[in-house]
Amino acid sequence: MSFLKLDNVTKRYGKSAAVTGLNLTVPAGSRTAIVGPSGSGKTTLLRLIAGFESPDQGSIALGDTLLAQGTMSVPAHRRGIGYVAQEGALFPHLTLAANIGFGIARNSPNRHARITELMQQVGLAPSMHDRRPHQLSGGQQQRVALARAMARQPKLMLLDEPFSALDAGLREAMRDMVGDVLSTAGITTILVTHDQAEALSFADHLAVLRDGVVVQAGPPQDLYLRPKDAQTARFLGDAIILQARLEDGFAHTILGSVPTDTVSSRGSATIMLRPEQLELTSASQTDPSSTTSLGRIVGRTFRGSTWRLLIEHLPASSAGLRFPSLALETSSIFTIETPSLAPLEIGATVGIQIVGTAHILA
Amino acid sequence: MSLAVSPAQTMETKRHAPLHLPMIIPAIIISLLSLIPLGFIVWIAIASGWDTVRDLVLRPKVAELLFNTLILVALTLPIAIALTVSLAWLIERTNLPFARVWSWLMVAPLAIPAFVHSYAWASVMPTLHGLSGAVMVSILAYFPFLYLPIAAQLRRLDPTLEETAASLGHTPIAIFVTVILPQLRLAICGGALLIGLHLLAEYGLFVLMRFDTFATAIVDQFQAVYNGPAANLLGGVLVLLCLVLLRLEVFARGDERYARVGSGAARHAPKWRLGALTWLAALLPAALTLLAVGVPIFTLARWLISGGAGVWRLDGIGPALWQTACLSLGGALITTLAALPIAWLSIRAPSRVQRLLEACHYYVGALPGVIVALALVTITVRVALPLYQTMATLLLAYLLMFLPRALVGLRASIAQAPIELERAAVSLGKPPLVAIWKTTLRLAAPGAAASAALVALGIANELTGTLMLAPNGTRTLAMRFWSYTSELNFAAAAPYAVLMVVLSLPLVLLLRLESDRESKP
């Protein structure tokens, strides 16, 4: 069931268009992440939904309510959409409790109880009631901002890179906390971020934004494994992009042959593999006559649970001989992470085996 | 510049006040100097004895002066605040046509000395006098002191706060009251205090408006009886008034932190569309420009035309111009340097001692020039005769009078330089004073230049103190203007007024540009 629907929305600043003919549907109760590089228009998109900007064209609807159509637009204060800004945007002249209670009517009988309840929900100790924003840590400020935005029980919550100012450890904990709190409260959430890892782990619905349009939207796993194009593939994680020749449901590449996720097409194509689909075997165990290709380790970085290996592909393989026109599109060097239990030395020759299926890029 | 300290001493200083000591000592010296006029008044009060005090202070005339002064402040400040907040909001945050032009015109009245405003109104509309005249001309002459900080703060506000408030269901009007106004509080308090102090100290404006305040009464007394206790004791009451005003400002300012929490988004706030109200709204700045800039220019032009070429006497104008320029720039430099330590302390190490030091300056700054001058005259004559009627004494008087003006600007610009930079410099091996010099003062330099400009502006237009303290032969522009005006020779006075305005113009431009620069988000 779609809940928020943007239809052919365009917004220009002067001559440059921030968002052009954008379509987006956000399912009810979902945690949607909008991810894109800086300048892709994601902040503009969020501001359009919040009502801080009005679109030049197109319509925005929330449930049965039309929020904006053409240049007519419901002002932000009548939309009932929650908003958490990048660094919290706490009112510096108000106490923590007054910040949280900002959206609750002054004469509301259970105002105080509601503030206490919200503080508890986001994990703020009651003793912090009278603190000022500058006395709070970055994480606490974000908690206050979240509680403040939840006070009016919005149907939709917008998070504008709320974790980017926090340090790495805290960021993950905050992300989980925010996700849990909002899910429990049953609030549909849209997170805007440039951090693909954050988007993948937070969302159950992901939209990739580029140059003001939604390039692809869907469940995060789908987008990760079956991206539409090479740019999206690389944006969502490390990718190995190869030229291939398609034949009977197999893609033949210089790294060997691998089944494809769709069997219909034939001829030459570009395929994508995720690095975790490459398995390394010790070269001595490799049967020289098999189709397994060979690589040499040229560099490595210890990362705790894994080694990040730099592998140079050795071209003298049978696959390369069979299809001389095929080459690694990226370069002949790629990186793979392997478990750190069995370290491989620099200079060692390894066999490379592909597991899973190859994804054919458009 | 570094402090020669052994490692043990370094530990010692660190524990108490890492960087404060080298700043506290000059601050204390300046404050002690500032106390000279105050000490003088206390000494006069004690020397006069209780009976004289009672005879001279507890009388109907003083009650009348008190009422006049209070009602003047109580009427002028609220009107000026409401007026400037509306103006600044219209000019900075709406699509008002010609907003840039208006924002320059709103600073322009500063180039016209208060007593020239008054002279213009007195000759255009002789019926305007008394309380209504005093309030009106005060607002026209002084409102830029409020406009500048309020407009700068409006440009600096983080629009995210307003957007967040809107997402929490607040209407635009509610946002103005609950989010924008509280963030203007510091700017309003600072500007209102500055105007309040001017109202208490101004002499020329109120004489021409025929409105008696403490300041005019003190000068009258002084001119009637040289070095008489009556003037000095009235000054004592005035000091009490200043104390009340200062307390009010501290109370209104509160102790909140005004810096943004976090860096925030570097965005300009969107402008409100005025729609059908556009031309109605444009009437407000247009009317104010007409009254505060148009009327003085019109009057001066009229007198210049009626006076013809005869009023431009180069033998009088040349020396006056040169002396005024030298005194203004020299005085501004000395005053700004003297204000630095106390401004730095008030931001970096607010404490009871610091508040006490700051208070010293404010009290003296609120004293009319004549009190400072009288104190310095008496002291130089009694204690240090060689300094009597010298440039050194005159510059000291300027320093004492204009220190608060320098402080307001300096404090704001130092507050914008993060303390972390000073700490980083110290951690990179710079001694405390060098660290402050290379970080905070470097960043505050444009602000310091602006407050120096304000001081120079003040000195160029200062009248009464200069009249009394200047060495023989000194004739500044203000002195010439006043003597011709006193003789009701308005035409002969006009060239001097024009020159004061012209001389002040670059300073006003500088001030305006500075406020633009520092409010870029």
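The values are calculated or read from the model by the stated rules, or taken from the named source; none is laboratory data. None of these values were measured; they are calculated from a predicted model. Note that each Cβ is placed from the backbone with ideal geometry, even for glycine, and that neighbours are counted across all protein chains shown. These accessible areas exclude ligands, DNA and RNA; they are computed on the full protein's heavy atoms, side chains included. Shrake-Rupley method; radii C 1.70, N 1.55, O 1.52, S 1.80 Å.
For the protein assembly as shown, a simple Cβ point-charge model (Lys and Arg +1, Asp and Glu -1, everything else neutral) yields a dipole of about 1180 debye relative to the Cα centre. Label-to-label distance, A:Asp176 versus B:Leu66, with points set 7 angstrom from Cα along the beta-carbon direction: 6.9 nm.
Between B:Leu32 and B:Ser486, residue separation times 0.36 nm minus the direct Cα-Cα distance comes to 159.8 nm. The distance separating the Cα centre of the range A:234-262 from that of the range A:26-57 comes to 34 Å.
What total accessible area, in Å², is buried where chains A and B meet, using a 1.4 Å probe and rounding to the nearest 100? Interface between A and B: roughly 2200 Å². Of B:Glu487, B:Glu462, the order by accessible heavy-atom surface (1.4 Å probe, DNA, RNA and ligands excluded), from most exposed downward, is B:Glu487, B:Glu462. Suppose R0 equals 41 Å; then what is the FRET efficiency for B:Leu274 and A:Ser268 from their Cβ-Cβ distance, rounded to the nearest 0.05? Computed FRET efficiency for B:Leu274 and A:Ser268 comes out at 0.05.
3J(HN,Hα) couplings calculated from phi for the range A:19-31 with the Karplus curve 6.51 cos²θ - 1.76 cosθ + 1.60 (θ = phi - 60°) are, in sequence order, 9, 10, x, 7, 10, 7, 10, 10, x, 4, x, 8, 10 Hz; Gly and Pro show x.
Where a ≥ b ≥ c are the square roots of the eigenvalues of the C-alpha gyration tensor, would you call the range B:411-519 rounded, which needs a/c under 1.5, or, failing that, prolate if a/b is larger than b/c, or oblate? Prolate. Measuring r between the beta carbons of B:Arg210 and B:Arg382 and using R0 = 22 Å, the FRET efficiency lands at 0.05.
Of the residues B:Pro432, B:Leu181, A:Gln57, the one whose Cα sits farthest toward the positive end of the charge dipole of the protein assembly as shown, with +1 on the Cβ of Lys and Arg and -1 on the Cβ of Asp and Glu, is B:Leu181. Tell me the net charge near A:Gln231. Cut-off is 11 Å between Cβ atoms, A:Gln231 excluded, with +1 for each Lys or Arg and -1 for each Asp or Glu. My count for the surroundings of A:Gln231 gives +1.
Based on DSSP H segments of at least four residues, each scored -39500 (n - 2.57), chain A has a per-residue ellipticity at 222 nm of -6000 deg cm²/dmol. Across the range A:179-221, C-alpha contacts under 8 Å between residues 6 or more apart give a mean separation that, scaled by the residue count, equals a relative contact order of 26 percent. Taken residue by residue and averaged, Cβ atoms of other chains lying within 10 Å of the Cβ of B:173-179 number 2. Charged side chains reduced to their Cβ positions (Lys and Arg at +1, Asp and Glu at -1) give chain B a dipole of some 960 debye around its Cα centre.
Specify whether the C-alpha gyration tensor of the range A:38-181 places it in the rounded, prolate or oblate class, a ≥ b ≥ c being the square roots of the eigenvalues: rounded for a/c under 1.5, otherwise prolate if a/b is larger than b/c and oblate if not. Verdict is oblate for the range A:38-181.
Once the dipole of the protein assembly as shown is set up with Lys and Arg at +1 and Asp and Glu at -1 on Cβ about the Cα centre, which of B:Leu421, A:Ser257, B:Gly196 lies farthest towards its positive end? It is B:Gly196, whose Cα lies furthest towards the positive end.
Residues whose amide H comes within less than 5 Å of that of A:Ala18, counting only those at least five positions distant or on another chain, are A:Lys11, A:Arg12, A:Tyr13 (H built at 1.01 Å from N in the peptide plane).
Computed with a 1.4 Å probe on the full set of protein chains, the accessible area for B:Trp104 sits at about 80 Å². Taking every residue in A:80-87 and counting other chain Cβ atoms within 10 Å of its Cβ, the average works out to 5.
Annotation: amide H-H contacts under 5 Å for A:Leu314 (H modelled 1.01 Å from N, sequence separation of 5 or more, or interchain): A:Leu294, A:Gly295, A:Arg296. Give me the net charge for the shell around B:Gly169: Cβ to Cβ below 11 angstrom, other residues only, Lys and Arg +1, Asp and Glu -1. Here the count lands on +3. For a paramagnetic label modelled on B:Cys326 (point 7 Å from Cα along Cα→Cβ), amide N atoms under 13 Å away belong, within the range B:463-505, to B:471-476.
List the pairs from A:Lys11/A:Lys155; A:Lys11/A:Lys42; A:Lys11/B:Lys271 whose alpha-carbon separation is above 20 Å, in the order I gave them. Among A:Lys11/A:Lys155; A:Lys11/A:Lys42; A:Lys11/B:Lys271, the Cα-Cα distance tops 20 Å for A:Lys11/A:Lys155. Along the range B:277-287 the Karplus relation, 6.51 cos²θ - 1.76 cosθ + 1.60 evaluated at θ = phi - 60°, assigns HN-Hα couplings of 7, 3, 6, 5, 5, 5, 5, 5, x, 5, 5 Hz to successive residues, with x for each Gly and Pro.
Extending 7 Å from Cα along the Cβ direction at A:Ala362 and again at A:Ala185 yields two label points whose distance is 3.6 nm. Here A:Arg152 and A:Arg303 are evaluated by their C-beta separation; at R0 = 45 Å the FRET efficiency comes out at 0.55. Couplings 3J(HN,Hα) of the range A:201-218, computed from phi: 7, 7, 8, 10, 9, 10, 10, 9, 10, 8, 6, x, 10, 7, 6, 7, 9, x Hz, in residue order, whole Hz [Karplus 6.51 cos²θ - 1.76 cosθ + 1.60, θ = phi - 60°; x for Gly and Pro].
Counting only other chain Cβ atoms within 10 Å of each residue's Cβ, the peptide A:230-236 averages 0.
Annotation for A:Thr10 and B:Leu428: the two label points, set 7 Å from Cα along the Cα-Cβ direction, are 5.0 nm apart. The order of B:Met391, A:Met157 by accessible area, most exposed first and with a 1.4 Å probe, is B:Met391, A:Met157. Within the set of other residues whose C-beta is less than 15 Å from the C-beta of B:Phe206, count the net charge using Lys and Arg as +1 and Asp and Glu as -1. Summing Lys and Arg as +1 and Asp and Glu as -1 gives -3.
Once you order the gyration tensor axes a ≥ b ≥ c over the Cα atoms, which shape class does chain B get: rounded for a/c under 1.5, otherwise prolate or oblate by comparing a/b with b/c? In terms of gyration-tensor shape, oblate.
Of all beta bridges that DSSP places with both ends in the protein assembly as shown, some 75 percent have antiparallel geometry. Adding -39500 (n - 2.57) for every DSSP H run of four residues or longer, then dividing by how many residues chain B holds, sets the calculated 222 nm ellipticity at -25000 deg cm²/dmol.
The alpha-carbon of B:Lys61 sits under 20 angstrom from the alpha-carbons of these aspartates and glutamates, leaving out residues fewer than 8 places away in its chain: B:Asp51, B:Glu202, B:Asp212, B:Asp220.
Peptides A:221-231, B:442-452 ranked from most to least packed, by the mean per-residue count of other Cβ atoms within 10 Å: B:442-452, A:221-231. Each principal axis of the Cα atoms in the range A:131-175 has its own extent, and those three values, largest first, are 29, 25, 15 angstrom.
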